[in-house]
1. Quick one: is Lys422 open to solvent by 50 Å² or more (accessible area, probe 1.4 Å) and either on the phi > 0 side of the Ramachandran plot or modelled with pLDDT of 90 or more (or both)?
2. Taking the criterion of being of a type in the set (Gly, Ala, Ser) and part of a helix (DSSP H, G or I), would at least one residue in region 248-259 satisfy it?
3. Quick check, is Pro31 closer than 19 Å to Asp405 by Cβ, of a type outside the set (A, V, I, L, M) and either in the same structural domain as Trp383 (by the TED database) or crowded, with 19+ Cβ neighbours inside 10 Å (or both)?
4. Looking at region 49-67, can you tell me whether even one residue there is touching a Lys or Arg at 6+ places or on another chain (Cβ under 7 Å) and not β-branched (Val, Ile, Thr)?
5. Do you know which of the residues in region 387-414 that are over 11 Å from Val43 (Cβ atoms), touching a residue at least 24 places away in the same chain (Cβ under 8 Å) and touching an Asp or Glu at 6+ places or on another chain (Cβ under 8 Å) is surrounded by the most Cβ atoms within 10 Å (Cβ to Cβ)?
6. So is Val212 surrounded by 21 or more Cβ atoms within 10 Å (Cβ to Cβ), part of a loop (DSSP other than H, G, I, E, B) and β-branched (Val, Ile, Thr) or not?
7. Please verify whether region 34-45 includes one or more residues that are in contact with a Leu (Cβ under 7 Å, 6 or more places away or on another chain) and β-branched (Val, Ile, Thr).
8. Here are some residues: Val269, Val243, Val258. Which one is of a type outside the set (Asp, Glu), at pLDDT below 95 and touching a helix residue (DSSP H, G or I) at 6+ places or on another chain (Cβ under 9 Å)?
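The values are calculated or read from the model by the stated rules, or taken from the named source; none is laboratory data. Model, not experiment: these values are computed from the prediction. Cβ placement follows ideal geometry from the backbone for every residue including glycine, while neighbour counts extend to all protein chains displayed. SASA here: full protein model, heavy atoms, side chains in, ligands and nucleic acids out. Shrake-Rupley method; radii C 1.70, N 1.55, O 1.52, S 1.80 Å.
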Amino acid sequence: MHDICLNMPPMVQTFDPEDLFTRRCIWVNGPVIVGAGPSGLAVAACLKDQGVPFIILERANCIASLWQNRTYDRLKLHLPKQFCQLPNVPFPEDFPEYPTKFQFISYLESYAKHFSIAPQFNETVQSAKYDETFGLWRIKTIRKIKKLGGLSSGGCAECEVEYICRSLVVATGENSEKVVPEFEGLGEFGGHVMHACDYKSGEGYGGQKVLVVGCGNSGMEVSLDLCNHNANPSLVVRSSVHVLPREVFGKSTFELAVTLMKRFPLWIVDKILLILARLILGNVEKYGLKRPSVGPLELKHTAGKTPVLDIGALEKIRSGKIKVVPGIRRFLPGKVELVDGQVLQIDSVVLATGYHSNVPSWLKEDDFFTNDGTPRNPFPNGWRGKGGLYAVGFTRRGLSGASLDAINVAHDIVKSWKEETKQKRKTVAARHRRCISHF
């Protein structure tokens, strides 16, 4: 076995067939972190700060692949930057209050460079199982490596690798896989269909009738972007949704909520937010946006459903440039039939239907995580399981929740690692004394 005490070189490397077996089983003298998004980077930085070795496994070829590869160009952080920074490194002062996705990616790349974090890219975890007999985690992966001569002489090969460690940090997050609902007749629709993760901008959609399915923040922003590119979007609103102004009298709605929650119970804060929303946005229900019976913060805490923070879509809905329609009954060639009997002519469909966790597909345990891939214990107690298992980024509280988890996880790992290291040194010293006594 190879004893890895920190990060190894990037995983896309020259391929030698004999190497397949010499590096098949690797001992990691520290935790294995699965996922190199903001959550994984935050844990790694906290560990690096304390001198604890680790390894990060990432299936993509870059950090923060969701942000880099699966977000639309106009995306900005929905919350002020002070609520989105990772531990120990604030955003640059010259960044705006709501950084763009490209600024956020730049921040994450600088963050990784600052702490010398080098993930193992192009390595997909197939399974992770706890060996109770030895008290160790066994993590099996598929690693992509370049053949000799590069891509032109044969492309990439794959090899299996097994990592063995005492701690496993699950940092793949709540949004690792796209959700694609099944709709009757979608296969016969004939037009262009894509998930919002593949949508970049409304350029090229000018003059088209586009059906946007899903009324969360992504659905609203995609509709707005399409509208700004002279497309004709129809927004499918199947269920109730809270729409709040992004700012209240020049102050972030989120920041206001955080301030109020320090003094009032959650239900009162919800009442205040809804009153302010009504004063600023008016009655949104007359536009087809029915509000839930549960308040926005309570709904977020209990069901993980984030309120929409309006950045301009509501104005387009009021003017009729974005048409709000009810749920889908079925698709027809070039058309969609809605549950109220309407039939709309459409050219394209964008599925803003969200994401889900992929943890159940590879983590072989059913005590800490539920079947839908989220920790059973609610925030703030959902970061630690048994046998050295940890979770970061599953709080349903965005980047600030992930950062808090990362700090807690790192603190716990550092404590255990230092105790174990101290015990190892005592054992080595005792053996050394016994060896000396024989001479």
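1. It is false that Lys422 is open to solvent by 50 Å² or more (accessible area, probe 1.4 Å) and either on the phi > 0 side of the Ramachandran plot or modelled with pLDDT of 90 or more (or both).
2. yes
3. Judged against the criteria, Pro31 is a match.
4. Quick first cut of region 49-67, residues touching a Lys or Arg at 6+ places or on another chain (Cβ under 7 Å) only: 67.
Add one more test, that the residue is not β-branched (Val, Ile, Thr), and what stays is 67.
Checked against the condition, which is being touching a Lys or Arg at 6+ places or on another chain (Cβ under 7 Å) and not β-branched (Val, Ile, Thr), region 49-67 yields at least one hit.
5. For region 387-414, the residue satisfying everything is Phe394.
6. Spelling it out, it is not the case that Val212 is surrounded by 21 or more Cβ atoms within 10 Å (Cβ to Cβ), part of a loop (DSSP other than H, G, I, E, B) and β-branched (Val, Ile, Thr).
7. Filtering region 34-45 down to residues in contact with a Leu (Cβ under 7 Å, 6 or more places away or on another chain) leaves 34, 37-38, 41-42, 45.
In the following step, the residues that additionally are β-branched (Val, Ile, Thr) were identified as 34.
Yes, there is a match, as at least one residue in region 34-45 is in contact with a Leu (Cβ under 7 Å, 6 or more places away or on another chain) and β-branched (Val, Ile, Thr).
8. Checking each option against the conditions leaves just Val258.
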